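The values are calculated or read from the model by the stated rules, or taken from the named source; none is laboratory data. The structure presented is a predicted model; accordingly, all values stated were derived computationally and were not measured. Every residue, glycine among them, receives a Cβ derived from its backbone with ideal geometry; neighbour counts consider all protein chains shown. Surface accessibility is based on the protein's heavy atoms, side chains included, excluding ligands, DNA and RNA. Shrake-Rupley method; radii C 1.70, N 1.55, O 1.52, S 1.80 Å.
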Amino acid sequence: SLPPDYVRCLFDQYAGRYDRHLIDVLDYRGHLLIRDAAARLGAGGDVLDLGCGTGLTGAAVRSRARRLAGIDLSPRMIDKARALEIYDSLEVAELIVALAASPASWDLLVAADVLGYLGELGPTFQAAAAALRPGGLFLGTVEELAEGDVPVLRPTRRFAHPASHVRDRAAAAGLDIALFERATLRREKGVPVGGLVFALRRLSR
C-alpha cells in the first residue's frame, strides 16, 4: 500500500480543486456507482464513508443514512466535507484504525476511489467484516486489472486489482458477494478507466 503520509500530503494539496478536477476533467463516477448500488440493494442505516474526501459519496448516500460518519487521512479534505454540513461526525483517521475502533457498529460502509491506494485488500476486508453488523454491507470500487492475480501499482500511483483478488479476500474475511459488476470509473486523458463495483455482505452469524 502507499504510505499514509504520502496519501495525506497528496490530498491535502489536492483538496482545493478536487471536486472540479474529478467531475469536470476526469468525468469521475465512483460516487454515483456507489449511490446506485446502495439503492438497488436497499442499503442504508448507520453509514461510514471511508476516505470521505470532500464529501462527494457522502452527499450521494445521505438520503439513505440514519447516521452518516466520515473518515479521511487528509485534514483539508475533512474541512471541505465539514463545510457541506451533511455528516453527523467527521474524523481524521486511518481506515483500518477507524474500523477497529467501532466493532459491529455499521450497517453500511462505502469506499469510493479509496481502495486504489491500498494494494493487498485482505486486512481492509477483515477490518470491514468486524466493523459491520450482521447482514451489513461494504460497497466499494477498484480499478480492475485484467491480467494477473496480484494488485499492480500503475503509473497513476493507484493500484489496480484483479477480480480474483477481491473475491478471494472477501471470502477469507467471511463476506458474501451481494453485487459484483464492471463499470467505467473515470477517464484518464480521455480513455475510460475500467473498474469493479462490489457489495460485500457480512454473514448473519
Inside region 161-178, can you point out the residues that are open to solvent by less than 20 Å² (accessible area, probe 1.4 Å), under 13 Å from A199 (Cα atoms) and not in a helix (DSSP H, G or I)? L175
Run L139 past the list (1) of a type outside the set (K, R); (2) open to solvent by less than 20 Å² (accessible area, probe 1.4 Å); (3) touching a Cys at 6+ places or on another chain (Cβ under 8 Å) and report the number of the one that doesn't hold. (3)
Output yes when any residue across region 33-48 is of a type in the set (A, V, I, L, M), assigned to a strand (DSSP E or B) and either on the phi < 0 side of the Ramachandran plot or open to solvent by 60 Å² or more (accessible area, probe 1.4 Å) (or both), and no when none is. yes
State all residues of region 1-32 that are in contact (Cβ under 8 Å) with a residue 40 or more places away in the chain, part of a loop (DSSP other than H, G, I, E, B) and either under 22 Å from A131 (Cβ atoms) or not aromatic (F, W, Y) (or both); if no residue qualifies, say none. S1, L2, L26, D27, R29
I need the full set of residues from region 61-80 which are aliphatic (A, V, I, L, M), in contact with an Asp or Glu (Cβ under 7 Å, 6 or more places away or on another chain) and in a helix (DSSP H, G or I), in order please. I78
Log entry, pairs with first residue in region 145-170 being among the aromatic types (F, W, Y), second being not in a loop (DSSP other than H, G, I, E, B), beta carbons closer than 9 Å, six or more apart or on different chains, reads F159/L115; F159/G116; F159/Y117; F159/V142; F159/E143; F159/V152; F159/L153
When residues of region 93-116 are limited to those that are within 17 Å of L2 (Cβ to Cβ) and β-branched (V, I, T), the one most open to solvent (accessible area, probe 1.4 Å): V97
Scanning region 9-19 for residues that are modelled with pLDDT under 75 and not acidic (D, E), which turns out least open to solvent (accessible area, probe 1.4 Å)? A15
I'd like the residue in region 49-58 that is out of contact with any Lys or Arg (no Cβ under 9 Å at 6 or more places or on another chain) and part of a helix (DSSP H, G or I) and, out of all such residues, is most open to solvent (accessible area, probe 1.4 Å). L56
From the set of residues in region 67-98 that are free of Cβ contacts under 8 Å to residues at least 40 places away in the same chain and closer than 18 Å to F138 by Cβ, which is farthest from the chain's Cα centre (by Cα)? R67
For residues that are modelled with pLDDT of 95 or more and under 24 Å from A131 (Cα atoms), scanning just region 182-205, find the one that is most open to solvent (accessible area, probe 1.4 Å). R201
